[in-house]
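The block underneath contains the structure these notes are about, expressed in structure tokens.
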Amino acid sequence: QAKAVNRGRFSFFSEEMNSMAQERLALEGALRDALRGGDFELHYQPQIHLRDHRLHGVEALARWPHPQLGNISPGRFIPIAEESGLIGELGKWALEEACFQLSDWRRRGIKVPSISVNLSATNFHDLELPQFVSDLLQRYSLSPTDLTLEITETVLMDTNPSTNQTIAAVHALGVPLAMDDFGTGYSSLGYLRKLPVGELKLDQSFVRDMVKDEAVSALTNAVIRIGESLKLIVVAEGVEDADQYELLIKQGCDVAQGYYFSRPLTADNLEIWIRDFMAGKENPG
Ligand code: C2E
Ligand code: MG
Ligand code: MG
Ligand code: MG
């Protein structure tokens, strides 16, 4: 009797798992096709200097508009890309697309100072990454500081033997590195001494709570002081309102990005945004 129940339950779970696994597999296949078929897009979010309202650059964020399923969020497709080994390809695609877009903007006189591209730890396992980046810069007539590579703390905890070498080689090219989601990982502050990062991105979870929670604003202040003393640019992520904006100015943060300034935009809409932004600077108020 018990056996029959268990058997029934077992087959119930296995069916459910089966369908989850199948959905996952289908999505993985669709992701591979989308990547190779050119269906992915990059959207661009402006980053603004708090001191003088100059445009610092834009962050490129991958978007997957799926014909049947609608927009699939990075929160959904990045983990699948990581697990299926497609994340390396996604990062390289984003690098090329960003370089193409920047060169196109330059050619047409649209002043985007630089583009930040998110890379996975996996991209740094690839000893050919530095050459890949260097070739792109050449092909699109860009200089190393036209790009910034965003890495997360997982890159630093990575035990893959190629990682240190790849990071050093990218740094040797003169391409700046940014530490994304700073403060959320597990690693110690010690690596900031060893790693050639030029930028710290204060994680949006801190920015979200900094106005309503004094302990959090003490933390954001501490991160900004660390950035200041190590001469790193601190970029606050996820700035959504004027209170956060003003507190970040008060704490001396360098750069901010978030919905308060703009959502991530298509390339065309970013152009419009930049025109308005420049016009606003010429005629303030
Ligand atoms: P991230 O690099 O930390 O990017 C910031 C995320 O915050 C983006 O989410 C952005 O749309 C969102 N954001 C910006 N301003 C605000 C705001 O004011 N409020 C809130 N609540 N959110 C804001 P998104 O585009 O969904 O991307 C999520 C993550 O996916 C990224 O986090 C990044 O880790 C990853 N990702 C995106 N594109 C790529 C890519 O091309 N390659 C890799 N490896 N990862 C990517
Ligand atoms: Mg990022
Ligand atoms: Mg981030
Ligand atoms: Mg984040």
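The values are calculated or read from the model by the stated rules, or taken from the named source; none is laboratory data. Since we're looking at a predicted model, the values are computed, not measured. Don't worry about glycine lacking a Cβ; one is built from the backbone with ideal geometry, like all the others, and counts go over all protein chains shown.
Considering only the stretch 156-196, state which residues are of a type in the set (Asp, Glu) and without any contact (Cβ under 8 Å) to a residue 40 or more places away in the chain. Lay out the reasoning, then the answer.
Restricting attention to the stretch 156-196, the residues satisfying the condition of being of a type in the set (Asp, Glu) are 158, 180-181.
Passing the criteria: only ASP158.
Every residue in the stretch 171-192 that is closer than 23 Å to GLU59 by Cβ and away from ligand 2 (no atom under 16 Å from the Cβ), please. Across the stretch 171-192, the qualifying residues are HIS171, LEU173, GLY174, SER187, TYR191, LEU192. When VAL211, VAL255, VAL207, VAL216 are screened for being closer than 24 Å to THR145 by Cβ and either surrounded by 12 or more Cβ atoms within 10 Å (Cβ to Cβ) or in contact with a strand residue (DSSP E or B) (Cβ under 8 Å, 6 or more places away or on another chain) (or both), only VAL255 passes. When the residues of the stretch 103-160 are filtered to those that are within 16 Å of ligand 3 (Cβ to nearest atom) and assigned to a loop (DSSP other than H, G, I, E, B), which remaining residue is surrounded by the fewest Cβ atoms within 10 Å (Cβ to Cβ)? Filtering first and then ranking leaves SER120. Of all residues in the stretch 193-204, which are surrounded by fewer than 17 Cβ atoms within 10 Å (Cβ to Cβ) and within 16 Å of ligand 2 (Cβ to nearest atom)? Passing the criteria: only GLY198. Cβ-Cβ contacts under 7 Å between residues 6 or more apart (or on different chains), taken from a first residue in the stretch 197-213 that is over 13 Å from ILE224 (Cα atoms) and of a type in the set (Lys, Arg) to a second residue that is within 13 Å of ligand 2 (Cβ to nearest atom) and at pLDDT 95 or above, are listed as ARG208/GLY238. Is it the case that some residue within the stretch 168-185 is away from ligand 4 (no atom under 16 Å from the Cβ), over 30 Å from ARG107 (Cβ atoms) and of a type outside the set (Asp, Glu)? Among the residues of the stretch 168-185, at least one is away from ligand 4 (no atom under 16 Å from the Cβ), over 30 Å from ARG107 (Cβ atoms) and of a type outside the set (Asp, Glu), which makes the answer yes. Can you spot a residue in the stretch 256-275 that is farther than 27 Å from SER143 by Cα and either in a helix (DSSP H, G or I) or without any contact (Cβ under 8 Å) to a residue 12 or more places away in the chain (or both)? Within the stretch 256-275 (the criterion being farther than 27 Å from SER143 by Cα and either in a helix (DSSP H, G or I) or without any contact (Cβ under 8 Å) to a residue 12 or more places away in the chain (or both)), the answer is no, since none of the residues qualifies. The residues of the stretch 108-143 that are of a type in the set (Lys, Arg) and within 23 Å of LEU270 (Cα to Cα), listed by number, are ARG108, LYS111.
When restricted to residues that are farther than 19 Å from SER116 by Cβ and either under 17 Å from the mean Cα position of the chain (by Cα) or not hydroxyl-bearing (Ser, Thr, Tyr) (or both), the stretch 127-161 contains 10. The listed residues are GLN251, GLN244, and the only one of them that is closer than 19 Å to GLN47 by Cβ and either within 15 Å of ligand 1 (Cβ to nearest atom) or touching a Phe, Trp or Tyr at 6+ places or on another chain (Cβ under 7 Å) (or both) turns out to be GLN244. Only one of the listed residues (GLY109, GLY70) is without any contact (Cβ under 8 Å) to a residue 12 or more places away in the chain and under 29 Å from MET278 (Cα atoms). That residue is GLY109.
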